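The values are calculated or read from the model by the stated rules, or taken from the named source; none is laboratory data. Nothing here was measured: the structure is a model prediction, and the numbers come from that model. Every residue, glycine among them, receives a Cβ derived from its backbone with ideal geometry; neighbour counts consider all protein chains shown. The accessibility values were calculated without ligands, DNA or RNA, using every heavy atom of the protein model including side chains. Shrake-Rupley method; radii C 1.70, N 1.55, O 1.52, S 1.80 Å.
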Amino acid sequence: MRRNIILGIIFLVFAVFASCEDYLNTDSNSVFTETTSFSNIDFAEKVVNGVYDNLASVNLFGSFFLWYNCDSDIEFVIAANNGGTFNIAHYDANPGISNLNTWWNLFYSSIERANICIDNLPKSPIWEGEYAAEARRIYGEAVTLRALCYFELIKIFGDVPFKVTSTQADDNYYLPKTDRDEIFEYLIQDLKDAEDYLPWMRETNTAERVSKAFLKGLRARMALSYAGYSLRNITHETRRGRYWQDYYKIANQECKELINSSEHKLNPSFENVFRTLHSYSQDMTNKEILFEIPFGRLISGRIGYDIGMYFAFTVPSTKYGRGNGTVRTSPYYYYSFDREDKRRNVSVELYQYGVTGFVDVQRLISAAGTEFRPCKWRKSWINPAMGGDLQTAQFTGVNWPIMRYADILLMYAETENEINGGPTQEAKDALSMIRERAFSNDQWSSKVTDYVESVSGNKDDFFDAIVDERAWEFGGEMLRKTDLVRWNLLGTKVREMKEECQKIVNDDPKYVDLVPNYIFWKTANDGEIIEILNPDYRLPSTAIPGYTRGNWMPLISAASKTAFISSINNVAHAYDEAKNNHLHPININIIEASNGVLKNDQIP
């Protein structure tokens, strides 16, 4: 089989486990057969594990998925095009970029492996009897992972070829694209049909495999993408799915059922959600993370390296190692938070470990404005640390959370508002739960109760509050672009971010009481941590004993302002609001191998 046939399917999965070779010489047209391959539970487990392995690749959730989830108003690349991933981030990809080929092949390889399980398990000897529950769990995992893979493909390419059976020798390999509405409709029903096969997380005691809760959450997330807006193939119109009202109800019902199950809850500490990931452990008390992609320390996963706080690169920190922090965010994102919001200093910080001569200690980021980064990921939180002999290591092994329970609450609030033409009490309660964790108990009256009431006057106000809350809750988790696309707000919000950044450096009156012109800071007694006195308010320029005074963004030079604005304007520079060109081209190798069937008709 050619590597780049229409589906890019690598269906000989002996590359994952060599023992499969014995099963390829069968009388059946199927690569794997019921009698020779699925007669024991271990083999079935290995097939579905091949899907998890693909997802953990550095080319997918191990790192490179970051680039097709940029640029948004929160997560973006400021560097110029590099002929590859940065072009993709900036909506300036061309069909020759190899990453587009890699993503296509990896996702379709994963889909094929899932299809093998789905086809063969129900007719295998292990479907009944001693291993029936395990066989059904593997089947449910395969259905869920297949849906996730198609969802990612749709986010990248729009309409794609759709195949739900395993490859046979006499199959037509030149499948045309299927309208994404049809794909969503099939998969969302497929997830519903498989729900009872998956156990709750309390039964498996791990978030590293999909569970009933994640299936329900994924079904809700996909239903909202279907119900939302997207650029359509051929016509290049931006519209909702054809039965979008019904799919808001599906998302609402799934979230409601998951909330009422009481199987999951918020971790009381927002920061601990992410510190737990950095300690290579899982929170099985609250179970806030519904599914996380598992990696291996020094083996896979560059989380905290490609995204996260910056740690000196040329001369690495001897305590924590390197952290490149290629993904950036903006000063506008930092200053959009309420100054009392505990999520702010987890999500984005005003310090880094990258200043020459001070690689093992914190120092204020540059006032030039381009050093703001998503900081839920940071090498200094990894335990055990990756300094010493490991200081140049890229593979941190920190797991990536695909979905948190917080998402269920906010999707529920959003759908309640949409379905009922305004916020219900249930919608307000769900939003309140998110904000209660974000603020101290003594602030709940003003920051939770009064705030929620102030945004609940009508449907539009509450929707705007959801848009804001999802920004503050999920910044740095690479959900924002997908949210903005389905809300048809991608261009609006990116433009808003750029405009507000210019106001900040130009000392617009809007920010006088929020953005300092001088920042005062000092090193703490441990010699590593810095304490910032006034991150979000102004003080007189008079020296303060014990503190270092540094000019902040309103006082940078005219040349630095020009450079900052130029960098920010590079974000999504090839995105055209009128065209809404958020999709990417299929790689030329896939197109040429399709025998004329595939075209890049999703590019306006």
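Out of the residues in segment 345-364 that are free of Cβ contacts under 8 Å to residues at least 60 places away in the same chain and out of contact with any Gly (no Cβ under 9 Å at 6 or more places or on another chain), state the one that is nearest to Pro316 (Cα to Cα). Reasoning before the result, please.
At the first step, the residues of segment 345-364 found to be free of Cβ contacts under 8 Å to residues at least 60 places away in the same chain are 345, 349, 352-359.
From what's left, out of contact with any Gly (no Cβ under 9 Å at 6 or more places or on another chain): 345, 349, 355-359.
Working: Asn345: 24, Glu349: 20, Val355: 11, Thr356: 10, Gly357: 11, Phe358: 10, Val359: 7 Å.
Per the criteria, the residue is Val359.
Select from segment 71-105 the residues that are part of a loop (DSSP other than H, G, I, E, B) and more than 21 Å from the chain's Cα centre (by Cα) and write down the one among them that is farthest from Ile591 (Cα to Cα).
Within segment 71-105, the match that is farthest from Ile591 (Cα to Cα) is Ala80.
Looking only at segment 467-494, which residues are over 23 Å from Cys375 (Cα atoms) and either of a type in the set (S, T, N, Q) or surrounded by fewer than 21 Cβ atoms within 10 Å (Cβ to Cβ) (or both)? Explain how you work it out, then say what you get.
Here is the first cut: in segment 467-494, the residues over 23 Å from Cys375 (Cα atoms) are 485-489, 491-492.
Result: Arg486, Trp487, Asn488, Leu489, Gly491, Thr492.
Condition first: more than 30 Å from Phe311 (Cβ to Cβ) and in contact (Cβ under 8 Å) with a residue 40 or more places away in the chain. Can you find one or more residues in segment 443-458 that meet it?
Yes - at least one qualifying residue is present in segment 443-458.
Thr424 fails exactly one of the following numbered conditions: (1) touching a Ser or Thr at 6+ places or on another chain (Cβ under 7 Å); (2) surrounded by fewer than 20 Cβ atoms within 10 Å (Cβ to Cβ). What is the number of that condition?
(1)
Among what's in segment 271-301 and is basic (Lys, Arg) and closer than 26 Å to Leu409 by Cα, pick the residue that is most open to solvent (accessible area, probe 1.4 Å).
Of everything passing the filter in segment 271-301, Arg275 is most open to solvent (accessible area, probe 1.4 Å).
Has segment 526-538 got any residue that is open to solvent by 60 Å² or more (accessible area, probe 1.4 Å), at pLDDT 95 or above, among the acidic types (Asp, Glu) and closer than 18 Å to Thr370 by Cβ?
no
Where in segment 452-561 are there helices (runs of 4 or more DSSP H), lying wholly inside it, with at least 1 residues that are small (Gly, Ala, Ser)?
Passing ranges, in order: 459-474, 490-505.
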